[in-house]
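Chemist: Handing you a structure now.
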Amino acid sequence: MDFRIIAAARPSIAYARDGVKFFEDRLRPLGKVELRYVKAGSSADVSARLLEASEGCLRIAMDERGENWTTRQLEQHVRDWQMRGDIKHVAFLIGAADGHTPALRQDCDYVLCLGKHTMQHELALVVLLEQIYRIHTLLAGSPYHRD
C-alpha cells in the first residue's frame, strides 16, 4: 500500500518548502509516499482536480470539519487498510486556501482534521507529512515516545 498526498499548488512559503523537503528525505527510505500537486484555482476547480488525481484510491480529505484522530488511531487505520488487502493506494487530499467543496468531502472515504483550528494549507501539508513519517516509524517497530 502506498500513500499519496495530493495538494493544491506547490508550497510558496519558505518554511513549508523546507518542511516538505525535510520529510520527503526522511520518508524516502521508509516506504512509498508520493507527493503530487494540482493546479490552484477556485475551490470547485481544485476539488475536481483532487478527485480526478485520486481516482482509484482510498480518499481522505484533510479538512477542519473532519474527525480528529490521534497518531495511534491513524496508525490503527493504516494497519487495518493493510490487512484488508484490497487497498493499494491511500490519497490524502489538501485543498487550497478556500478548502474543499461539500461534494469532495462527500466523495471521500474519510474526512480528517489536523486540529479544529483553521490551518494554512501549506502548514497542513508539513504537519501531514510529519504524521505519515511518524506512522511509518511506528509500523517499522520504532518506539513511540507517547506510550
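The values are calculated or read from the model by the stated rules, or taken from the named source; none is laboratory data. Because the structure is a prediction, the values reported are computed rather than measured. Quick reminder, even Gly has a Cβ in these numbers, built from the backbone with ideal geometry, and neighbours come from all protein chains shown. Accessible surface areas use protein heavy atoms only, side chains included; no ligands, DNA or RNA. Shrake-Rupley method; radii C 1.70, N 1.55, O 1.52, S 1.80 Å.
Chemist: Quick check, is G95 closer than 25 Å to D2 by Cβ and in contact with a strand residue (DSSP E or B) (Cβ under 7 Å, 6 or more places away or on another chain)?
Modeler: When the stated conditions are applied, G95 passes them.
Chemist: Additional query: Exactly one of (1) touching a strand residue (DSSP E or B) at 6+ places or on another chain (Cβ under 7 Å); (2) farther than 14 Å from I132 by Cβ is unmet by M83. Its number?
Modeler: Tallying (1) touching a strand residue (DSSP E or B) at 6+ places or on another chain (Cβ under 7 Å); (2) farther than 14 Å from I132 by Cβ, M83 fails exactly one: (1).
Chemist: Looking only at residues that are more than 18 Å from D2 (Cα to Cα) and among the β-branched types (V, I, T) in the stretch 31-70, which one is most open to solvent (accessible area, probe 1.4 Å)?
Modeler: Among those that are more than 18 Å from D2 (Cα to Cα) and among the β-branched types (V, I, T), it is T70.
To keep it simple, each residue is scored yes or no on (1) outside any helix (DSSP H, G or I); (2) at negative phi; (3) at pLDDT below 95.
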{"position": "S12", "(1), (2), (3)": "yes, yes, yes"}
{"position": "V20", "(1), (2), (3)": "no, yes, no"}
{"position": "R36", "(1), (2), (3)": "yes, yes, no"}
{"position": "A61", "(1), (2), (3)": "yes, yes, no"}
{"position": "E64", "(1), (2), (3)": "yes, yes, yes"}
{"position": "A103", "(1), (2), (3)": "no, yes, no"}
{"position": "Q106", "(1), (2), (3)": "no, yes, no"}
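Chemist: Cβ-Cβ under 7 Å, sequence separation 6+ or interchain: first residue in the stretch 117-135 and modelled with pLDDT under 95, partner open to solvent by less than 50 Å² (accessible area, probe 1.4 Å) and in a loop (DSSP other than H, G, I, E, B). Which pairs?
Modeler: H121/G95; H121/A96; E122/P11
Chemist: Could you list all residues from the stretch 93-147 that are within 22 Å of F23 (Cα to Cα), of a type in the set (G, A, S) and crowded, with 20+ Cβ neighbours inside 10 Å?
Modeler: Of everything in the stretch 93-147, those that are within 22 Å of F23 (Cα to Cα), of a type in the set (G, A, S) and crowded, with 20+ Cβ neighbours inside 10 Å turn out to be G95, A96, A124.
Chemist: Between residues in the stretch 57-74 that are over 24 Å from S142 (Cβ atoms) and residues that are aromatic (F, W, Y) and open to solvent by less than 10 Å² (accessible area, probe 1.4 Å), which pairs lie under 8 Å by C-beta distance while being six or more apart or on different chains?
Modeler: L58/W81; M62/F92
Chemist: Might you check whether a residue that is part of a loop (DSSP other than H, G, I, E, B), basic (K, R) and either under 13 Å from the mean Cα position of the chain (by Cα) or closer than 23 Å to V38 by Cα (or both) occurs anywhere in the stretch 114-128?
Modeler: No, every residue in the stretch 114-128 fails to be part of a loop (DSSP other than H, G, I, E, B), basic (K, R) and either under 13 Å from the mean Cα position of the chain (by Cα) or closer than 23 Å to V38 by Cα (or both).
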